[in-house]
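In what follows, a single structure is set out as structure tokens and then discussed.
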């Protein structure tokens, strides 16, 4: 290795050391530039940044989660994605993938936090339970709340991986027994990027990291803090079944002819029209497929409260406060029926109670008619 | 019986802009409710034609968006007219500003709902209760416009609709936004049912031209009542 002992190696140096050719490296940069939606010169910008920038240390915390975000990340289409971040380059601490364990691991984390104070990127996977002093999630004798606050203090930026960290996901669905709380409600005064999804797309996760490495700043975020490059469009807007939607051709049940023909899944509960994500454009597993392509509607995993906005297989959400199976239309139709009945009763009552008045009006009119 | 004969006096109540607003509003609301309901509950169509030859749902949505703009700007115009129109169009008809307003509201409730038989005269324009309920409809208009444009914002390239993008933040996501937008539609439907019934009811028990007033703008007032109010002024 040609590295100066006091200088941290750059990403490129680490990759070459791991046996990647320059050709592999350039392919990776080009792929990333395309995902990020950069112009043609973007690939060169990324390549240049990765050759010059010493690796940025990453601490990756796991709280209330299922590790699907990590799984998604290590399966992103280009092998370098996993290697560059996870394998042995940048990741100083992650419970799932690190070699060290116990006190050694905790010591490694503490060292990174001390040595690179204000420089490291904190990735958080999972929500944080705050009920009962946070006893519902403890690692190494500390509660998740404490670990988060401690790690966030010296972080350059916080990346919230997945719906758990971004909005609480399933564990914060009603009644949320552990008071599972998303990161942005617990940490203030730090740049926070939300990368929601259950899990988010691996390439999206890699893209966000690469953007931060290349440009040294946060990607452009939307109104709720998600990178615009990946979350500015609804799944519906990039859906290949959209023409069927516009034509009014819908799957009625999952086993009908329309489903076979690949019609729009809107009526069987596809939440694509309300969900912001890049699934339609980037797809999953090396661009193989995504839920809608597999014949199942999107259920909005990257949206806040998606568990509480059920049912999954119906387009209309249950209306809060009226029990299950009570969408707005059912309540509306009942209300209209009650109103109509009320009106009928009122009309009858009017004719009885105001008989004299109406009679006089009629008589008056008839009189005038005769006189004319 | 001739002693009972009412002598009626003609009053020009609804000016042309008010009537135009009313009927344009009717058209827009009918179009919005019908297309809105269909968007929430698309009809099942079995068709042999290719998707490329059809644009049914796209057309339904297009009508919804056009009607929404008509509805919104019509509403804005009506607010403007509430400041420059005649006294029956004035905004004070809709906002309770004095005790007389509440007194008349109670009067209308007792006559129209409890069907009491008092013969006190009720305003020739909007009665107080109607005016106050219209105030709530304006709030429903506002809710519908705000939630509607917020849902539309991401399809729009016009700053005006885009300006509503923040609304979905209040609901957390577009699910809740959409649900409330859809539920509020039912307010319009229930309102329309009651509104039309009450117009017939008033025409029936008062005989002052309630139904036709939205056509020509004329209503009729008893001569003695006219003299009385004239003196009061």
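Any residue in the range A:314-321 that is farther than 30 Å from residue A:263 by Cα and more than 9 Å from chain B (Cβ to nearest Cβ)? Among the residues of the range A:314-321, at least one is farther than 30 Å from residue A:263 by Cα and more than 9 Å from chain B (Cβ to nearest Cβ), which makes the answer yes.
Take the conditions at the interface with chain A (Cβ under 10 Å from one of its Cβ atoms) and touching a residue at least 12 places away in the same chain (Cβ under 8 Å) and apply them to residue B:180. Does it pass? Answer is yes for this residue. In the set (1) in contact (Cβ under 8 Å) with a residue 40 or more places away in the chain; (2) surrounded by 15 or more Cβ atoms within 10 Å (Cβ to Cβ), the condition left unmet by residue B:156 is number (1).
Of the residues making up the range B:79-94, those that are surrounded by 13 or more Cβ atoms within 10 Å (Cβ to Cβ) and touching a residue at least 24 places away in the same chain (Cβ under 8 Å) are B:81, B:85, B:86, B:88, B:89, B:93, B:94. Counting only helices (runs of 4 or more DSSP H) that sit completely within the range A:73-190, those holding 1 or more residues that are on the phi > 0 side of the Ramachandran plot and either outside the structural domain of residue A:307 (by TED's automatic domain parsing) or within 26 Å of the chain's Cα centre (by Cα) (or both) correspond to A:102-115, A:162-167. Scoring residue A:270 on the criteria (1) surrounded by fewer than 24 Cβ atoms within 10 Å (Cβ to Cβ); (2) within 21 Å of residue A:312 (Cβ to Cβ); (3) more than 8 Å from every other protein chain (Cβ to nearest Cβ) leaves a single failure, condition (1). Residue B:210 satisfies every condition listed in (1) more than 9 Å from every other protein chain (Cβ to nearest Cβ); (2) more than 20 Å from residue B:74 (Cβ to Cβ); (3) surrounded by fewer than 18 Cβ atoms within 10 Å (Cβ to Cβ) except (3).
When the range B:220-229 is filtered for residues that are assigned to a strand (DSSP E or B) and either more than 27 Å from the chain's Cα centre (by Cα) or surrounded by fewer than 13 Cβ atoms within 10 Å (Cβ to Cβ) (or both), only B:222 remains.
Counting only residues that are in contact (Cβ under 8 Å) with a residue 40 or more places away in the chain and either over 26 Å from the mean Cα position of the chain (by Cα) or assigned to a loop (DSSP other than H, G, I, E, B) (or both), the range A:229-263 holds 6 of them. Evaluate the range B:209-219: report whether one residue or more is closer than 21 Å to residue B:110 by Cα, in contact with a helix residue (DSSP H, G or I) (Cβ under 8 Å, 6 or more places away or on another chain) and assigned to a helix (DSSP H, G or I). Yes, the range B:209-219 contains at least one residue that is closer than 21 Å to residue B:110 by Cα, in contact with a helix residue (DSSP H, G or I) (Cβ under 8 Å, 6 or more places away or on another chain) and assigned to a helix (DSSP H, G or I). Among the residues here, residue A:332 does not qualify as closer than 30 Å to residue A:34 by Cα and either surrounded by fewer than 23 Cβ atoms within 10 Å (Cβ to Cβ) or more than 11 Å from every other protein chain (Cβ to nearest Cβ) (or both). Among residues of the range A:213-228 being assigned to a helix (DSSP H, G or I) and surrounded by 19 or more Cβ atoms within 10 Å (Cβ to Cβ), the one that is farthest from the other protein chains (Cβ to nearest Cβ) is A:213. The residue list B:73, B:65 contains one member that is under 17 Å from residue B:152 (Cβ atoms) and away from chain A (no Cβ under 14 Å), which is B:73. Has the range B:190-206 got at least one residue that is under 30 Å from residue A:318 (Cα atoms), outside any loop (DSSP other than H, G, I, E, B), in contact with a strand residue (DSSP E or B) (Cβ under 9 Å, 6 or more places away or on another chain) and at the interface with chain A (Cβ under 10 Å from one of its Cβ atoms)? Within the range B:190-206 (the criterion being under 30 Å from residue A:318 (Cα atoms), outside any loop (DSSP other than H, G, I, E, B), in contact with a strand residue (DSSP E or B) (Cβ under 9 Å, 6 or more places away or on another chain) and at the interface with chain A (Cβ under 10 Å from one of its Cβ atoms)), the answer is no, since none of the residues qualifies. If the condition is being more than 7 Å from chain A (Cβ to nearest Cβ), assigned to a loop (DSSP other than H, G, I, E, B) and either closer than 16 Å to residue A:241 by Cβ or in contact with a helix residue (DSSP H, G or I) (Cβ under 6 Å, 6 or more places away or on another chain) (or both), then the range B:35-62 contributes only B:50.
Of all the criteria given as (1) over 30 Å from residue A:263 (Cα atoms); (2) touching a helix residue (DSSP H, G or I) at 6+ places or on another chain (Cβ under 6 Å), the one not satisfied by residue A:309 is (1).
Taking the conditions (1) surrounded by 14 or more Cβ atoms within 10 Å (Cβ to Cβ); (2) assigned to a helix (DSSP H, G or I); (3) more than 14 Å from chain A (Cβ to nearest Cβ) in turn, residue B:124 satisfies each one other than (2).
The values are calculated or read from the model by the stated rules, or taken from the named source; none is laboratory data. Being a predicted model, the structure only gives us computed values, none of them experimental. Here the Cβ is made from the backbone with ideal geometry for all residues, glycine too, and neighbour counts use every protein chain on show.
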